[in-house]
Structures are given as structure tokens and as C-alpha cells.
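Participant: Right, I'll just put the structure down here and ask away after.
The values are calculated or read from the model by the stated rules, or taken from the named source; none is laboratory data. Only a predicted model underlies this, so the values are computations on that prediction, with no experimental measurement involved. Here the Cβ positions follow ideal geometry from the backbone for every residue, glycine too, while neighbour counts run over all protein chains shown. Heads up: the accessible areas ignore ligands, DNA and RNA and are worked out on the full protein's heavy atoms, side chains in. Shrake-Rupley method; radii C 1.70, N 1.55, O 1.52, S 1.80 Å.
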Amino acid sequence: MYTQSFSVPDDADAKSGLKAVPKATSENEAALMAQFDARIAADGRIEPRDWMPDAYRKTLVRQISQHAHSEIVGMLPEGNWISRAPSLKRKCILIAKVQDEGGHGLYLYSAAETLGTSRDDMLEALHSGRAKYSSIFNYPTLNWADVGVIGWLVDGAAIMNQIPLCRCSYGPYARAMVRVCKEESFHQRQGYEALLVMMKGSQAQRDMVQDAVNRTWWKCLAMFGPSDKDSLHSSQGMKWGIKRISNDDLRQKFIDATVPQAEVLGVTLPDPDLKWNAERGHYDHGEIDWDEFWQTVNGNGPMNRERLATRVKAHDDGAWVREAALAHAEKQRQRAMKEAA
Ligand code: BYC
């Protein structure tokens, strides 16, 4: 129902005077491909009405829709704490943050729609368990410090991953990312600030922070995806200018940026192999538990079933809003037609 103009048929484009997407025939396909390759090589942008190879379109739909799903499922672990926030100030901040994540989902679904997929199809894939979303949201948030740690580490990892996406070769995704990154930056800071306050509090508060860091650190490192040698899509994604930096390089950048922040905060990162390597100019670190990661990615993490059930219920409970919006739009359309007649 929310599909944007890209998915209208070509004759509708002709009637509206809009440029139709060039159709590749066997004769001109090579020329269109050459144009596409040249634009990518020159670091140019591909826009919705430009010709693009099917595989590029499919990769983008896959990545952008997974990203959108992550944003809206990501609302759930923090949303659970809105009614239990320790002060009015923290409650207001958390409500604003969770709303922002919903907004990010909307920008991203809209960006994916420009590739000719419908929001209904994307949501159906999520709700039926066919689609992936970030593994990090399949773990429980057990205490208030988890909310701060999500801001500091989860949003921190998201920013590290998403800043290069602001230069993604697909225009609508890149533009959506600019705004998302600005908001994520506020999210990261509010989380870090909440933790700084807790670390200056009682021993029980400091223990809560350390416990949340211990449970989240490794899951956060896994947000960057499998190691480069096991990453299915990285090399093609990088050739197409969708991904700019590999999974392992982004993970390393995140670790290097986060260790000094942990020192200022006064928490220990739960990795005995974490130490500065002067020769490499980076922190060495231990290995992620990849079996556990794939279990979670494939639907068998501690909270996968609960998160999906909550999401499906929220969608079903909202059916009346979608119906009312459609009825209102139809009423307006009828009125506009009457006035035009
Ligand atoms: N979790 O070949 P690879 C946020 C999948 S949310 C689950 O390396 P790719 C926030 C991957 O999809 C931020 N699945 O893939 C919200 C692929 O599966 P398929 C979310 C994962 O695409 C609320 C397979 O494993 N950010 O900011 O080149 C509150 C092979 O992987 C994961 C994004 O989505 C994972 N961790 O690279 C707070 C950013 N890792 O499709 C914060 C956009 C991998 O073959 N996405 N998989 O079935 C990306 O940058 C990339 O998709 C990834 C994976 C780096 C995640």
C-alpha cells in the first residue's frame, strides 16, 4: 500500500510524463552495463530510474530491507524499558530515541521501495521469519544499564558501519544514511552519558554497567558480520560501491575507537586477548563465537521467537490504522475528483 512511484508500470510513466526506466534488450544491454560500470568506476551515484543490473538491485533490496528490519526490531529491547526508566529525563530521552529508530526504519523501507519492492512484501518476509535483521536484537535487556550500553556500543557500532554507507553508490540509501548517522550520534552520546552517571553512583550501579558490558561486547562485535574470509557478499558489495569498508576492517576500527572510551568510563572489556599492538597500530583481540552468531542469525538465539512474535502482534494491532489511512486517502481522492469534474 505504501509503494512509491518507482513500481508503477511504464505506460503510467509515459502518461505522467516521467522518464521510464530504460529496458535492456539483448542489443543495448551491453551498452547499459558499460554505462553503469563507468558510473560506478567514477564513484558516481545510481538513482532509482537509472538502469542497473538485476543482481545490484537484488543486493540492495536485501541489504536495505534487512537494515530497515533491524531498525524496527531494534525498537523492542529498549522499548521494554520506557515504562521503567529511572527518571522523567531518561524516559523522555528513551522515548525520543525509540521513535528515531522507527523513523530510520521508515526512511529505509522507502529507500528499498524505490527499487521496485513493496513494503508489504518486505514486512511479510520479516514476519514470516524469512528475512534477516541484526543479530544483536535477539538478546535480552536485563537491567537499566543495558539501555545505556545499547546507546554506547550498539549505536556506536551502527555508526561505524553506517558512516561509509553515506557514500554508498545507490543515491536513496546514501541520502537516508546521512540523517540516520546524525541521529545515531545523539543516541551513542546519550548512552555513554547515562553510563558515566551510573559509574559515578553506587557499587551496585557500577556492577550493573559492567554486567551489561560483559553480556553485550561480543554480540556487538558480531554486528559487523562474518569475518572477511567467510563473508558471502562483501567483495561484490565493495566492487559496486555499496560497501566501502570490509566487515573485519570496520570491526577493528570500532574496537580501536571503543577501548579508550571504556577506559574513561572505568569498565573492563571482556576479552583477555585485547591488547595494543604497536607494530600494527591497532588493538589485537580474541575470536567471536561464530557458532553462536550463526545460531542467532538463523533464528535460534535467546530472543528471536519473542521479538518476532511482538513485532507481528504490533503489526496486527495496527491494522485498523492502516485501514483508516486508506479510507481517508480514498475519501480525499474522491473529493479531488469531484472538484476537478
Ligand atoms: N546479524 O556476506 P555478509 C541499528 C548476514 S541497527 C544478522 O557479510 P553483507 C540500531 C547477512 O545479512 C543497524 N545477519 O553480508 C537500531 C548475510 O545474509 P544473507 C543494522 C547478519 O550484507 C536500533 C550473511 O549473514 N545495520 O542501527 O555483505 C537500536 C552473510 O554476511 C549479520 C545494518 O543493517 C548480523 N550481525 O554484510 C540501536 C547496516 N551479519 O543476506 C541501533 C547495513 C551478517 O545472505 N548492513 N549477516 O541471507 C550491512 O552493512 C551489512 O548487511 C552487514 C553484513 C555488515 C550487516
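Participant: Could you tell me which residue of the stretch 290-337 is farthest from the chain's Cα centre (by Cα), considering only residues that are open to solvent by less than 90 Å² (accessible area, probe 1.4 Å) and charged (D, E, K, R)?
Facilitator: Filtering the stretch 290-337 for residues that are open to solvent by less than 90 Å² (accessible area, probe 1.4 Å) and charged (D, E, K, R), the one farthest from the chain's Cα centre (by Cα) comes out as 330.
Participant: I would also like to ask the following. Please count how many residues of the stretch 78-99 are within 16 Å of residue 188 (Cα to Cα), within 12 Å of the ligand (Cβ to nearest atom) and open to solvent by less than 40 Å² (accessible area, probe 1.4 Å).
Facilitator: Within the stretch 78-99, residues that are within 16 Å of residue 188 (Cα to Cα), within 12 Å of the ligand (Cβ to nearest atom) and open to solvent by less than 40 Å² (accessible area, probe 1.4 Å) number 4.
Results for (1) of a type in the set (A, V, I, L, M); (2) open to solvent by 10 Å² or more (accessible area, probe 1.4 Å); (3) near the ligand (Cβ under 10 Å from one of its atoms); (4) within 20 Å of residue 77 (Cα to Cα), shown as yes or no for each residue.
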| site | (1), (2), (3), (4) |
| --- | --- |
| 145 | yes, no, no, yes |
| 159 | yes, yes, yes, yes |
| 168 | no, no, yes, no |
| 171 | no, no, no, no |
| 177 | yes, no, yes, no |
| 192 | no, yes, no, yes |
| 196 | yes, yes, no, no |
| 212 | yes, no, no, yes |
| 221 | yes, no, yes, yes |
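Participant: Report yes if residue 64 is more than 12 Å from the ligand (Cβ to nearest atom) and open to solvent by less than 60 Å² (accessible area, probe 1.4 Å), otherwise no.
Facilitator: no
Participant: Same structure again: Given the structure, is residue 114 open to solvent by 10 Å² or more (accessible area, probe 1.4 Å), away from the ligand (no atom under 14 Å from the Cβ) and touching a residue at least 40 places away in the same chain (Cβ under 8 Å)?
Facilitator: Here the answer is yes, as residue 114 does meet what is asked.
Participant: I want to confirm something. Restricting to the stretch 179-190 and keeping residues that are open to solvent by less than 40 Å² (accessible area, probe 1.4 Å) and charged (D, E, K, R), which single residue is farthest from the ligand (Cβ to nearest atom)?
Facilitator: Here the residue is 183.
Participant: If residue 277 satisfies every condition in (1) touching a strand residue (DSSP E or B) at 6+ places or on another chain (Cβ under 8 Å); (2) of a type outside the set (A, V, I, L, M, F, W, C); (3) open to solvent by 50 Å² or more (accessible area, probe 1.4 Å) but one, which is the exception?
Facilitator: (3)
Participant: Do any residues in the stretch 168-189 that are more than 10 Å from residue 45 (Cβ to Cβ) have Cβ atoms under 8 Å from those of residues that are among the hydroxyl-bearing types (Ser, Thr, Tyr) and open to solvent by 10 Å² or more (accessible area, probe 1.4 Å), where the two are at least six apart or on different chains, and which pairs are they?
Facilitator: 176/107; 176/110; 179/107; 180/107
Participant: Now, a different point. I'm trying to understand the selection: among the residues of the stretch 126-143, which are away from the ligand (no atom under 12 Å from the Cβ) and either on the phi > 0 side of the Ramachandran plot or touching a residue at least 24 places away in the same chain (Cβ under 8 Å) (or both)?
Facilitator: Hits for the stretch 126-143 are 126, 127, 129, 140, 142, 143.
Participant: Something else: Which of the numbered conditions does residue 288 fail, given that it passes all the others? Conditions: (1) part of a helix (DSSP H, G or I); (2) in contact (Cβ under 8 Å) with a residue 12 or more places away in the chain; (3) of a type in the set (Val, Ile, Thr).
Facilitator: (1)
Participant: Taking the stated definitions as given, is residue 250 closer than 16 Å to residue 162 by Cα and out of contact with any strand residue (DSSP E or B) (no Cβ under 6 Å at 6 or more places or on another chain)?
Facilitator: Judged against the criteria, residue 250 is a match.
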